[in-house]
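Reading through the structure tokens given below for one structure.
The values are calculated or read from the model by the stated rules, or taken from the named source; none is laboratory data. The shown structure was predicted, so the numbers you read here are calculated from the model rather than taken from an experiment. Positions of Cβ are backbone-derived with ideal geometry, glycine not excepted, and every protein chain shown enters the neighbour counts. What goes into the accessible areas is simple: the full protein's heavy atoms, side chains included, and nothing from ligands, DNA or RNA. Shrake-Rupley method; radii C 1.70, N 1.55, O 1.52, S 1.80 Å.
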Amino acid sequence: MKDGFGREIDYLRISVTDKCNLRCRYCMPKQGVEVMPHEEVLTLEEIFRVVRIMESLGVKKVRFTGGEPLVRKNLVKLIGDVGGLAGIADIALTTNGVLLGEQLDALKKAGLKRANISLDTLDREVFAQITGYDGLERVLEAMDAALAAGLRVKINCVPCRELNDGGIEALAGLAREKNVDVRFIELMPIGCGKAFRGIASEELLARLEHTYGACERVENAVKSETAQYYAFAGFRGRIGFISPLSHRFCGDCNRVRLTVEGQLKLCLHYDNGLALKPLLRGGAGDDEIRERIVQAVREKPRAHSFSDRTAQEYEEKRKMVQIGG
Ligand code: SAM
Ligand code: SF4
């Protein structure tokens, strides 16, 4: 399925819940967000139907996110069902890792191959300050267990001046010790993120070279890869930078998102998209839904415009925890 700019859309990110067991300060207010009434949230059967229809349109990769996806009951069953679709080649999960250890066996059996674990620091106190939960050890244990179980693991960190600036080099060192890629994501000015200052990838790269020596840029095998990777001598994993602000990668964008209330969201930055729930619950057939998805995807914006203030009127008003990153 192609959008109006000729980009092949083959990647669907699904937010399966807006609930979360952490309160990362750049993502979620301390008191939490008002969660969607239960009946407004897509059921797992409805989500599966959307994936099935989108698979028939050429979607090959699905990522489950949230809120925290592992707080959604029966996610394992959905992963198993999606894995059973012939066209889906890749199923991934973005998680804070807190519940990963206890669900790992079931997730692996259901067909999960990859997990991105969000981790902003290796300092126990800073972890607790950022997330509101003293759980660093638990997340690190889950990471080790996932590696031991043969999952491909990436660590995602959002560097913020006010929160974890001092621990970036140590966190990158995880890729030296373990077979994980550590990726630094530029803070996006969405929701609570607006209250913090992100750190540009250029600065981080210079700092890491200062600590670990010169690195080499790795050419991406996949055009739509959002991270730029670097190899440091003696490291087992790579260091990646996801820089939506300083290096816009929209030209190769291949993704759309399904929000928890059933909106097919075309770009992270904008709140417009296709409301699928009324179709799913209003008796629309698969062909009608397929046609509406094709039409909506043609309207996918060319690029985000986080730095263009004139775009504010269409801007996403939800918080990241409600979108899923
Ligand atoms: N709870 C899961 C987790 O933390 O991995 C999945 C959802 S979370 C919203 C997905 C990712 O978005 C996390 O890696 C988080 O650090 C990142 N994130 C949250 N707010 C952000 C912001 N304002 N800018 C950039 N990334 C953000
Ligand atoms: Fe929860 Fe993930 Fe947001 Fe942290 S980043 S509050 S873990 S949704």
Which three extents, in whole angstrom, do the alpha-carbon atoms of the chain cover along their principal axes, largest first? 58, 45, 41
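If the limit is 29 Å between Cα atoms, which of Lys73/Lys223; Lys109/Lys194; Lys19/Lys108 go over it?
From Lys73/Lys223; Lys109/Lys194; Lys19/Lys108, over 29 Å: Lys73/Lys223; Lys109/Lys194.
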Please work out the C-alpha center-to-center distance from region 218-236 to region 50-93 and express it in whole Å. 25 Å
Calculated [θ] (222 nm, deg cm²/dmol) that DSSP helices of n ≥ 4 give over the chain, each run adding -39,500 (n - 2.57): -8500 deg cm²/dmol
Mind ranking Met1, Met54 by accessible surface for me, highest first, 1.4 Å probe? Met1, Met54
Per GNM of the chain with C-alpha springs under 10 angstrom, the most fluctuating residue out of Leu100, Leu264, Leu204 is Leu204
Work out the charge dipole of the chain with +1 on the Cβ of Lys and Arg and -1 on the Cβ of Asp and Glu about the Cα centre, then indicate which of Gln31, Gly135, Ala145 is farthest towards its positive end. Ala145
Potential extension, Ala195-Asp90 segment - 0.36 nm per residue separation minus Cα distance: 34.3 nm
Mind listing the phi-derived Karplus ³J(HN,Hα) values for region 87-103, rounded to whole Hz, using 6.51, -1.76 and 1.60 with θ = phi - 60°, and x for any glycine or proline? x, 8, 9, 8, 10, 9, 9, 10, 9, 7, x, 4, 9, 5, x, 6, 9
Antiparallel content of DSSP bridges confined to the chain, in %, to 5: 35 percent
Heavy atoms of Ser224 accessible to a 1.4 Å probe, total area in Å² rounded to 10: 30 Å²
Separation between Cα centres of region 265-294 and region 155-204, rounded to whole Å: 34 Å
Can you list residues whose amide H is under 5 Å from Arg183's amide H, if they're 5+ apart or on another chain and H is modeled 1.01 Å from N? Ile155, Asn156, Cys157, Gly240
Once ligands and nucleic acids are excluded and a 1.4 Å probe is used, how much of Val126 is accessible, expressed in Å² to the nearest 10? 30 Å²
Around Ser56: net Lys/Arg minus Asp/Glu count, Cβ-Cβ under 14 Å: -1
Set of aspartates and glutamates with alpha-carbon distance to Lys178 below 14 Å, sequence-local pairs under 8 removed: Glu141, Asp144
1/(1 + (r/R0)^6) with r = Cβ-Cβ of Gln129 and Asn179, R0 = 41 Å, i.e. FRET efficiency to nearest 0.05, evaluates to 0.90
With a cap of 11 neighbouring Cβ atoms within 10 Å, and only residues DSSP puts in a loop, list the trypsin sites (Lys or Arg not before Pro) found in region 219-296. Lys223
Per-selection Rg to Rh, region 151-294 - Cα, Kirkwood hydrodynamic radius: 1.08
Treating only the Cβ of Lys, Arg, Asp and Glu as charged (+1, +1, -1, -1), what charge dipole size does the chain show about its Cα centre? Round to the nearest 20 debye. 360 debye
Which value, in Å², gives the accessible area per residue of the chain when a 1.4 Å probe is used on the protein heavy atoms? 44 Å²
I'd like the Karplus ³J(HN,Hα) series for region 27-44: coefficients 6.51, -1.76, 1.60, θ = phi - 60°, whole numbers in Hz, and an x wherever there's a Gly or Pro. 10, 9, x, 3, 7, x, 10, 5, 7, 5, x, 3, 6, 7, 7, 4, 6, 5
Can you tell which of Gly251, Ala195, Ser118 lies farthest toward the positive end of the dipole of region 11-323, using +1 and -1 charges on the Cβ of basic and acidic side chains (Lys, Arg; Asp, Glu)? Gly251
To the nearest whole percent, what portion of all C-alpha pairs in region 53-179 is separated by more than 21 angstrom? 42 percent
Which percent of the accessible heavy-atom area of the chain goes to carbon and sulfur, probe 1.4 angstrom? 50 percent
Between 0 and 90°, nearest 10: helix 286-298 axis offset from the chain longest Cα axis: 50 degrees
